[in-house]
Amino acid sequence: MIVRTGDFSDPQILALLREHLAGMHANSPPGSVYALGLSGLQRPDIAFLALWDAADLLAIGALRELTPHTGEIKSMRTAQAHLRKGAAARLLEHMIGLARTRGYTRVSLETGSGDAFEPALALYRKHGFRNGDAFGDYEASAFNQFLHLELA
């Protein structure tokens with residue numbers, strides 16, 4: 001498995017981004033989805049990453065710089081065919097390592113609530129993320145939650 005900068009012209013990446021957004025909208029009420037689509041991920045403050053196994057796309061995710069000392073995990077999604085094979089953990093570990101390299105002292109994320117989000121929440125908690133307050137421009141609701149990882 002290798003992590004590379006994601007290519008927004010790659011058909012596999014575009015398909016997984018569409019799947020990601022469709023899943024977020026299917027599992028969250030209108031107006032409560034903060035997932036970034038193609039245009040939102042193509043910003044200079046975002047490192048968009050893709051995890052590959054040869055020619056197979058396993059997962060995508062992004063690390064957004066909020067401040068010079070804090071980052072945010074965005075738009076993580078594992079390809080359906082590669083669920084529960086360690087792809088999401090590998091990509092998350094890479095993003096945490098990138099955050100450390102950048103000198104971040106905290107990495108945060110916003111995600112949905114409900115049963116559909118439990119596998120992702122378990123992964124984040126296994127890697128040290130803890131529930132906390134809203135951050136950035138987010139507003140707390142019954143449909144989302146916020147997790148933070150303090151980096152020593």
Just for the range 74-86: of the residues that are surrounded by 15 or more Cβ atoms within 10 Å (Cβ to Cβ) and in contact (Cβ under 8 Å) with a residue 40 or more places away in the chain, which one is farthest from the chain's Cα centre (by Cα)? Ala79
If we keep just the residues of the range 39-62 that are at pLDDT below 85 and surrounded by fewer than 14 Cβ atoms within 10 Å (Cβ to Cβ), which is nearest to Asp7 (Cα to Cα)? Gln42
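Residues are listed down the side, and each one gets a yes or a no for (1) over 24 Å from Pro11 (Cβ atoms); (2) part of a helix (DSSP H, G or I); (3) touching a Lys or Arg at 6+ places or on another chain (Cβ under 6 Å):
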| residue | (1), (2), (3) |
| --- | --- |
| Leu57 | no, no, no |
| Leu66 | yes, no, no |
| Ala89 | yes, yes, no |
| Met95 | no, yes, no |
| Thr111 | yes, no, no |
| Arg125 | yes, yes, no |
| Asn131 | yes, no, no |
| Gly136 | yes, no, no |
| Ala142 | yes, no, no |
Output the residues belonging to the range 48-73 that are of a type in the set (Phe, Trp, Tyr) and within 10 Å of the chain's Cα centre (by Cα). Phe48
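If you scan the range 106-119, which residues turn out to be hydrophobic (A, V, I, L, M, F, W, C), modelled with pLDDT under 90 and touching a strand residue (DSSP E or B) at 6+ places or on another chain (Cβ under 7 Å)? I'd like the intermediate steps shown before the answer.
Step one: list which residues in the range 106-119 are hydrophobic (A, V, I, L, M, F, W, C), which gives 107, 109, 116-117.
Those still in the list that are modelled with pLDDT under 90 too: 116-117.
Passing the criteria: only Phe117.
The values are calculated or read from the model by the stated rules, or taken from the named source; none is laboratory data. Just so it is clear, the model here is predicted, and its values are computed rather than measured. In this analysis, Cβ positions are derived from the backbone assuming ideal geometry, glycine residues included, and neighbour counts consider all displayed protein chains.
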